[in-house]
Structures are given as C-alpha cells and as structure tokens.
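Okay, so here's the structure we're looking at.
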Amino acid sequence: MLLGAPNSGKGTQAGRLAARLGVPTISTGEMLRGAVADGAELGRKVKDVMEAGRLVDDGLMAEVVGSRLERDDARRGFLLDGYPRTLGQAKDFERMLGDLREKLDAVVLLEVPAETLVQRALGRGRTDDREEVARERLRVYRQATEPLVDYYRKCGLLRAVDGDQPVAAVTERILAALNGAGAA
Ligand code: AMP
C-alpha cells in the first residue's frame with residue numbers, strides 16, 4: 001500500500017512499482033475518474049465530492065475496492081494507491097483481506113514537504129488541482145488520512161521513504177524499503 005499526501009507521487013510510483021513487482025495497481029482515484037468520464041452511476045455519485053477535494057464516503061469506497069479485489073488479477077498480490085484514506089477504510093480493508101485470506105505486507109509512506117505538494121498540484125492541471133482545491137485536499141489528508149501513519153507504524157508495517165527526490169531514485173528507495181531495509 002502506498003500512503004502519502006495528494007501529489008506525493010503515489011500514482012507515479014505505483015505505476016513504476018507495479019511493472020517491477022509484476023502485480024496490478026489498484027488506484028481508487030483512477031477508478032473514480034474513469035467512472036466520472038464514462039458517465040457511470042458511480043461517477044455521478046462522486047463527481048461533486050471529487051471536484052471539491054473531499055473524500056467519497058467509506059461505504060461506497062468499500063464497495064468499489066471490494067469488487068475490484070474479487071477480480072482474478074488481484075489473486076497474486078496488488079499495489080494499492082489511494083486506499084485506505086481514513087481509519088474507517090483501514091478497518092473495512094482489513095475485513096476484506098481477512099475474507100480473502102490475504103494480508104497486508106507493507107505500507108510505504110512517501111514523505112514530501114507541504115509546499116512542494118502544492119507546487120506539484122499547480123503544475124498538473126487536473127480539475128481538482130486548482131490552488132484552493134489543492135489546499136483543501138491537503139487539509140483533508142492531514143485530518144482524515146494522516147492518522148493512518150501512526151496506525152500502521154504501530155502495526156510495524158510502515159516504511160517511510162523520502163519522496164522529495166527524482167522519480168527513479170524514489171522507486172529504488174521504495175524497493176529497498178520493501179526488501180526489509182528497516183521499518184520506520
Ligand atoms: P487521488 O487520485 O487518489 O488523489 O484521488 C482523487 C479523488 O478521488 C480524491 O480527492 C477523492 O475525492 C477521491 N478518492 C480517491 N480515493 C478515495 C478514497 N480511498 N476515499 C475517498 N475518496 C477517494
């Protein structure tokens with residue numbers, strides 16, 4: 001699982017890591033943007049929340065992730081990008097993994113300074129990337145998602161990685177951290 005603020009590089013790293021590790025990436029942000037673009041019922045439900053930089057509710061996210069985990073390609077492992085994002089989602093996710101008789105191997109935290117995060121957001125041009133929304137996304141991260149850092153640190157799963165480095169260097173550091181080079 002990749003954990004980090006909006007624009008910490010989770011999506012970029014997830015793509016690179018999935019290729020290296022030979023597992024699919026499950027990116028909830030991508031899935032939701034896809035549903036919005038398709039005009040799917042799910043997309044209609046989440047569009048406004050996404051554009052405001054807020055979080056989709058835990059119950060709906062559990063449905064989205066639960067049905068994704070049932071697909072065959074998730075049988076031999078997967079990388080999660082953008083889920084869970086609240087303590088409630090972390091509990092939902094544990095239940096799902098328990099039902100599938102799987103377990104979480106590691107949680108990689110990408111650490112990036114706040115101003116770098118906002119600068120990256122402004123350079124990217126997504127509809128939820130206007131400065132005001134970027135700041136809201138960061139506020140929501142601090143309030144709802146950051147508690148997961150302590151939660152996973154206490155379970156011994158957290159691996160903190162400096163995300164304020166060139167893309168390729170971050171990938172190598174994550175792979176090293178996953179190979180057991182010291183828990184955070
Ligand atoms: P992301 O690309 O991961 O930053 O996700 C884009 C947007 O999708 C977020 O700002 C939320 O509105 C929504 N979203 C993605 N994943 C979740 C999640 N796990 N829980 C709630 N909302 C989510």
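Structural remarks
- Label-to-label distance for residue 179 and residue 122 is 3.9 nm, based on points extended 7 Å past Cα in the beta-carbon direction.
- Label zone of residue 51 (point 7 Å out along Cα→Cβ, amide N under 16 Å): in region 132-159 this covers 132-134.
- In region 1-86, the GluC sites (Glu not before Pro) that fall in loop regions by DSSP, at most 15 other Cβ within 10 Å: 70
- Percent of Cα-Cα distances greater than 24 Å, calculated over the chain: 35
- Relative contact order, whole percent, for region 31-136 stands at 25, derived from Cα pairs under 8 Å and 6 or more residues apart.
- 5 angstrom amide H check on residue 79, placed H, neighbours 5+ away: 25, 26
- Base-10 log of normalised Debye intensity for region 48-95 (one unit scatterer per alpha-carbon) at q = 0.16 Å⁻¹: -0.48
- Chain lengthening between residue 67 and residue 146 when straightened (0.36 nm per residue, less Cα-Cα): 25.9 nm
- For residue 109, the amide hydrogen comes within under 5 Å of the amide hydrogens of 3, 159, 160, 161, counting only partners 5 or more places away or on other chains and with H modelled in the peptide plane.
- Multiplying each eigenvalue of the alpha-carbon gyration tensor of region 81-168 by 5 and taking the square root yields semi-axes of 27, 16, 12 Å, largest first, rounded to whole angstroms.
- Theoretical FRET efficiency, 1/(1+(r/R0)^6), r = Cβ-Cβ of residue 41 and residue 153, R0 41 Å, to 0.05: 0.60
Just so you know, all these numbers are worked out from the coordinates, no wet-lab data involved. Everything numeric in this text was worked out from a predicted model, so none of it was measured. All Cβ positions, glycine included, derive from the backbone under ideal geometry; neighbour counts span all protein chains shown.
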